[in-house]
Amino acid sequence: MNLKRDLGWKEATSLGTGAMVGAGIFILSGVAAGKAGPAVMLAFVIAAILEILLGLCYAELASRYPRAGGAYEYVRQTMGSFVGTLIGWSYWGAWLAASSFVSQGFGNYLNSLTGAPPLLSAVVLLLVLGFLNILGIKFSGVVQVGIVVVEIIVLLLFFALGFSHVDYSLYTPFAPNGFEGILAAALVGFLSMVGWDVIVDAGEEMKNPSKTIPKAIFSSIIIVLFLYCGLLFVSTGVVPWQELGSSKVPVAFASQQFLGDFGPTLVSIVIVIALPATANAFIISISRTAFAMGRNGFLPKKIGFIHPRFQTPVYAILLGVSIQILFTLVSSINIAVNATGFLYLITFIFTMIAFFISRRKATLEKKSTQFLTPFYPFLPALALIISLCLLIPVGGSGFFSGLIWLSMGFCIYLIRTKSIKATDKVRRKENEIKISSNEVIDSVVE
């Protein structure tokens with residue numbers, strides 16, 4: 001049974017934009033500015049180019065394999081069940097780990113505005129979004145569009161109000177730490193802009209996926225790039241880059257320069273609006289990956305069930321939200337961030353390998369009706385090399401926690417494989433008994 005195609009270009013673009021524009025734009029912007037100075041804007045342009053390179057390859061895979069599951073489905077189709085399952089497990093873990101600090105961030109910022117209990121707020125957010133997703137992805141997609149539109153308007157207002165207060169002397173020197181600083185900031189920008197791949201995870205629910213998916217990926221990355229650059233232009237223009245880099249709340253600090261004490265409150269309001277969109281995109285990605293793994297037998301078959309009325313993977317959503325709540329209650333943010341980086345990069349690397357295998361296997365007849373990545377094989381090769389290089393700064397804790405998660409997936413795979421083989425053996429015996437019984441009955445009748 002397949003999922004219903006309800007998502008158009010607008011819903012898909014808002015899904016990708018909502019996944020990318022989260023806490024990163026308000027926190028990691030300061031980290032990047034501390035590395036590159038005012039040239040942080042150039043660093044984010046470089047990061048966006050890298051995102052687009054990967055996005056083009058994902059778009060081709062999504063048009064060739066327009067089913068739910070994203071990276072899991074692509075690797076499974078090209079490299080077999082075992083590798084595909086481990087990559088699906090890796091990708092699932094990356095989103096689960098990331099979702100824990102997103103929901104916690106929502107709870108903390110809501111607490112600063114209203115005094116509401118942070119953990120309770122985080123759990124309630126996940127429950128509400130899970131319920132909306134069960135009702136149907138089209139409904140949650142409409143909510144996503146509304147949230148992202150409000151978010152973009154507020155960020156544009158930040159730029160408009162701050163533009164007249166910019167001190168252009170603060171842009172000199174433009175690149176105080178040279179090209180090395182720009183590259184370091186580009187890495188931060190790359191990690192903070194990841195999230196567009198949620199679009200391909202919902203590929204089975206896209207209208208005309210071969211056109212909708214590449215357009216939505218490109219549109220969402222460009223929108224987020226402009227939002228980031230506008231924010232960075234104002235932030236580095238009203239506060240010295242050294243102070244911005246040392247601040248834990250860089251955008252709130254910058255907004256205080258031209259909005260007074262209302263600035264930090266405004267930033268908190270924007271984050272409270274933005275993070276539900278991010279969390280919603282995470283729920284969609286997590287549940288669709290679980291659904292695909294359930295449909296293919298790695299997880300219990302019930303996880304691959306589609307509700308006949310709502311046309312959504314109800315049990316996959318319930319499983320994903322339940323684990324997200326557990327991660328939110330018990331996880332450490334630092335470990336979650338490092339694990340996310342490692343698991344995400346492993347997913348990218350194997351997906352790019354799957355891309356080359358898929359292109360080699362594709363027939364000419366199929367190619368004519370699918371989206372094709374331009375300048376093959378140079379752009380895909382560049383995307384793969386960049387992904388491999390980004391493993392270097394992950395750190396020991398990221399490797400360790402990521403390998404533990406992959407080991408868990410390996411053990412589950414072995415257990416599920418044995419269980420499936422045992423079930424198949426029982427079924428074969430039952431069929432043999434039925435055949436033997438029918439033969440005896442036939443002989444008696446004769």
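The values are calculated or read from the model by the stated rules, or taken from the named source; none is laboratory data. Nothing here was measured: the structure is a model prediction, and the numbers come from that model. Note that we place each Cβ from the backbone using ideal geometry, even for glycine, and neighbour counts take in every protein chain shown. Side chains included, ligands, DNA and RNA excluded: accessible areas come from the protein's heavy atoms. Shrake-Rupley method; radii C 1.70, N 1.55, O 1.52, S 1.80 Å.
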Sorting check: for 278-291, 231-244, which peptide has the highest mean count of neighbouring beta carbons within 10 Å, and how do the rest follow? 278-291, 231-244
Of all accessible surface on segment 198-330 at a 1.4 Å probe, what whole percent is carbon and sulfur? 66
In segment 41-111 the accessible area split gives carbon plus sulfur, as whole percent at 1.4 Å, a share of 68
Points 7 angstrom from Cα along the Cβ direction at Ser322 and Val154: gap in nanometres? 3.3
Cut-off 15 Å, label point 7 angstrom out along Cα-to-Cβ of Tyr168: give me the residues of segment 219-238 whose amide nitrogen falls inside. 234, 237-238
Can you run phi through the Karplus equation (6.51, -1.76, 1.60; θ = phi - 60°) for segment 248-255 and list ³J(HN,Hα) in whole Hz, with x for Gly and Pro? 7, 10, x, 6, 4, 4, 5, 5
Chymotrypsin sites (Phe, Trp or Tyr not before Pro) within segment 154-196, DSSP loop, no more than 15 other Cβ atoms inside 10 Å: Phe174
